[in-house]
Structures are given as structure tokens and as C-alpha cells.
Amino acid sequence: MDIIFKEVTNENVTEICRLSVKEGQSGFVAPNAVSLAEAYASLNENVFAKPFGIYDGDTLIGFIMIGYDSVFPDDPDIAKGNYLLWRLMLGGDFQGKGYAKPILEKAAAYIKSYPAGKADYVWLSYEKENLRAKSVYSKFGFRENGEYCGDEIVAVYKLD
């Protein structure tokens, strides 16, 4: 595997927007076009939002978006001064093929470059019914901290 994060450009935006999860999973992650709209709106409000296409070599396999600090009024307390693994989706055809760990490693390395400032944690949230996401994140080292983001469970990962 050769996992690469590529910035979203006019060259790849349509392909990224067309990428989708498996049937029955759409309730667990926003469509990539919605994520890109949120990134655009956040950047207009001077909020850090960095979306990337996830590639294995030259093949688009997923989408990831990193945020920093509080984005929305109902963000959990952990959001303040920390990074957010805002979105992570793997295209349906690429699930179950061992991509999760190398993608999370790549994301952690990017976050540890502190592109928006120093932080102690990265956090994420997931639907309580999404047991697959919970398992993947837990195996990587994310731990639930008792907070919620809306109806979603919050889990945190300690940076260095």
C-alpha cells in the first residue's frame, strides 16, 4: 500500500464527490460534497479545515478531513485547542482490505506536524450504531471520553 493524501483540486473534486460508502452506511458519514462545503464555509470563517482525497498510489480510495479547535457551537469541550478527525470515509469497494490502520497512521503523522498549532489530542465522533468504526478507532488508540457531539460518541487520541 502506498497511502497518499492529495489536496482537493479542480482536477480531483468531481471524483472525490462521486466516491461513496457501501449501501447501508450512508447514515454514518456525510457525502463528500457536504464535507467539502463545510470545509469551504469553515475556511470563510477562518476555521482550519483541511480536506484530502486518500489515494493508494494513483487510485482514489477515500476522503479525509482534518479540523482544528471548535468548529460548531455544540462541539464537545475536547475540541478547544485540539485537532478533529472531522471526516474519514473509505469507498465501498476498498473497505475490508486493511486500509484503516495505514490511513490513520498517515492522518496522525499529518496532525503531528501541527499545521494549525500545537495540540494535545485529536478527537472524532461516531454514531453509537457504527460498531465497525468504534472497533477500528479503538484498535488505533482512540478512547471514548464520555462526551458527545450531538448524538455521536466522542473518542480521543493522545498526541505524543
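Only one entry in ALA41, ALA79 is within 21 Å of TYR137 (Cα to Cα) and out of contact with any helix residue (DSSP H, G or I) (no Cβ under 7 Å at 6 or more places or on another chain), namely ALA79. Here ILE78 meets the list (1) surrounded by fewer than 18 Cβ atoms within 10 Å (Cβ to Cβ); (2) more than 14 Å from the chain's Cα centre (by Cα) almost entirely, failing just condition (1). Of the listed requirements (1) surrounded by 12 or more Cβ atoms within 10 Å (Cβ to Cβ); (2) assigned to a loop (DSSP other than H, G, I, E, B), GLY62 misses just one: (2).
Any residue that is within 30 Å of GLY81 (Cβ to Cβ) and among the acidic types (Asp, Glu) - is there at least one of those in the range 44-56?
Yes, that holds for at least one residue.
Restricting to the range 127-160, name every residue that is at positive phi and out of contact with any strand residue (DSSP E or B) (no Cβ under 7 Å at 6 or more places or on another chain). Within the range 127-160, GLY146, GLY150, ASP160 qualify.
For residues that are part of a loop (DSSP other than H, G, I, E, B) and modelled with pLDDT of 90 or more, scanning just the range 1-33, find the one that is most open to solvent (accessible area, probe 1.4 Å). If we take residues in the range 1-33 being part of a loop (DSSP other than H, G, I, E, B) and modelled with pLDDT of 90 or more, then GLU11 is most open to solvent (accessible area, probe 1.4 Å).
Scanning the range 150-160 for residues that are surrounded by 15 or more Cβ atoms within 10 Å (Cβ to Cβ) and within 18 Å of PHE72 (Cβ to Cβ) gives GLU152, ILE153, VAL154, ALA155, VAL156. Figure legend. Inter-residue proximity from the range 124-147: first residues of a type in the set (Val, Ile, Thr), second residues assigned to a helix (DSSP H, G or I), beta-carbon distance below 7 Å, spacing 6+ or different chains. Indicated pairs: VAL136/ALA100.
Condition check ((1) assigned to a loop (DSSP other than H, G, I, E, B); (2) under 24 Å from ILE4 (Cα atoms)) across all residues:
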{"position": "GLU129", "(1), (2)": "yes, no"}
{"position": "TYR148", "(1), (2)": "no, no"}
{"position": "ILE153", "(1), (2)": "no, no"}
{"position": "ASP160", "(1), (2)": "yes, yes"}
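Taking LEU84, is it within 11 Å of the chain's Cα centre (by Cα) and either within 11 Å of ILE54 (Cβ to Cβ) or open to solvent by 40 Å² or more (accessible area, probe 1.4 Å) (or both)? Considered against the rule, which asks whether it is within 11 Å of the chain's Cα centre (by Cα) and either within 11 Å of ILE54 (Cβ to Cβ) or open to solvent by 40 Å² or more (accessible area, probe 1.4 Å) (or both), LEU84 comes out as no.
Which of the following residues is at pLDDT 95 or above, charged (D, E, K, R), farther than 19 Å from PHE48 by Cβ and surrounded by 17 or more Cβ atoms within 10 Å (Cβ to Cβ): GLU105, GLU147? First the steps, then the outcome.
Working: GLU105 fails: surrounded by 17 or more Cβ atoms within 10 Å (Cβ to Cβ).
Answer to the check: GLU147.
Among the candidates TYR110, TYR121, TYR114, the residue that is modelled with pLDDT of 95 or more, among the aromatic types (Phe, Trp, Tyr) and touching a strand residue (DSSP E or B) at 6+ places or on another chain (Cβ under 6 Å) is uniquely TYR121.
The values are calculated or read from the model by the stated rules, or taken from the named source; none is laboratory data. These numbers were taken from a predicted model, which means no experiment stands behind them. As a convention, Cβ positions derive from the backbone with ideal geometry for all residues, glycine included, and neighbour counts pool all protein chains shown. For accessibility, only protein heavy atoms count, side chains too; no ligands or nucleic acids. Shrake-Rupley method; radii C 1.70, N 1.55, O 1.52, S 1.80 Å.
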